[in-house]
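S.K.: This is the structure I have questions about; it appears just below.
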Amino acid sequence: MNDKFKEFLRITKKLNQENITPLLMGSLGLEYLTKMDWQSADIDIHVKGDPRGWEAPDEDRIYEWFTIKNVMKKLEYELIDLHEHEFNNGVFNVEFGSMDSLPKFAGIQLKKLKLVQVDDIQFYLPTAKQYLKIYQRSSKDSYRADHNNNKDLPKIEYLKGIVR
């Protein structure tokens, strides 16, 4: 278990105590699912939020934002970017997004997400097929393509190979 995933579990345990069950997204989630190293740069956590996603105002995008900010503060994280809902503690970057944007963004129904339990900690995780939809849709986003140097393309090819 890598350090980023251990930190995700530490954060998620505190979120669970506040009745928040997050969705593990991004490369870290894909690493957990596939047991492969996808060079995750940060910890991407999605929680209940505005279905418009990025189109919603920054301060309204995450529904339990006040609670999440308090949890992160208790864990000694500092908010460094409200637009990205990004925190840093000197070691890890953690970004929060809205899981409720998945149906419109990638055609993924929230009730179809897999609920995972590690010890007494619960979180949602996309399946390989759902990750494929997410990465295929993300690869069409010009901002992501420009800023991620197409690092999603190998993930898409890998996922195509395992999704039947």
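S.K.: For the pair residue 139 and residue 16, what calculated FRET efficiency results from E = 1/(1 + (r/R0)^6), where r is the Cβ-Cβ distance and R0 = 30 Å, to the nearest 0.05? Kindly include the intermediate steps, with their values, before the conclusion.
M.R.: Values: r = 32 Å, r/R0 = 1.07.
Approximately 0.40, to the nearest 0.05.
S.K.: Exceeding 20 Å between C-alpha atoms, which entries from my cross-link table qualify? They are 35/69; 6/74; 13/73.
M.R.: 35/69
S.K.: Still on this model: Rank 94, 116, 47 by mean-square fluctuation in a GNM of the chain with C-alpha springs under 10 angstrom and give only the top-ranked residue.
M.R.: Most flexible of the set in this elastic network: 116.
S.K.: Using a 1.4 Å probe and ignoring any ligands, DNA or RNA, find the accessible area of residue 63 and quote it in Å² to the nearest 10.
M.R.: Residue 63 has an accessible surface of roughly 130 Å² with all protein chains in place.
S.K.: Ignoring any ligand, DNA or RNA, what whole percent of the accessible area of the range 1-127 comes from carbon and sulfur when the probe is 1.4 angstrom?
M.R.: Whole-percent figure for carbon plus sulfur exposure: 47.
S.K.: Still on this structure, please answer the following. On a 0 to 90° scale, report how tilted helix 152-162 is relative to the longest principal axis of the chain, with both axes built from alpha carbons and the result rounded to the nearest 10.
M.R.: Approximately 70 degrees, to the nearest 10.
S.K.: Relative to the longest principal axis of the chain, what angle (0 to 90°, nearest 10) does the C-alpha long axis of helix 65-74 take?
M.R.: 70 degrees
S.K.: For residue 160 and residue 41, calculate 0.36 nm times their separation in residues minus their Cα-Cα distance, and state this gained length in nm to one decimal.
M.R.: Values: separation 119, 0.36 × 119 = 42.84 nm, distance 2.28 nm.
Roughly 40.6 nm would be gained on extension.
S.K.: Please give the FRET efficiency for residue 111 paired with residue 89, using the beta carbon to beta carbon distance and R0 = 25 Å, rounded to the nearest 0.05.
M.R.: 0.15
S.K.: Just to confirm the number: angle between the C-alpha axis of helix 128-139 and the first principal axis of the chain, 0 to 90 degrees, nearest 10?
M.R.: Around 90 degrees separate the two axes.
S.K.: At 7 Å along the Cα-to-beta-carbon direction for both residue 48 and residue 79, put a label point, then send me their distance in nm to one decimal.
M.R.: Rounded to a tenth, the inter-label distance reads 2.0 nm.
S.K.: Then there's this: Using a cut-off of 18 Å between alpha-carbon atoms, which lysines can reach residue 111, once sequence neighbours fewer than 8 places away in the same chain are excluded?
M.R.: Filter leaves 48, 129, 133.
The values are calculated or read from the model by the stated rules, or taken from the named source; none is laboratory data. These figures come from a predicted structure and were not determined experimentally. Cβ sites come from the backbone with ideal geometry, for glycine too, and all protein chains shown count toward neighbours. Accessible surface is based on the protein model in full, side chains and every heavy atom, while ligands, DNA and RNA are left aside. Shrake-Rupley method; radii C 1.70, N 1.55, O 1.52, S 1.80 Å.
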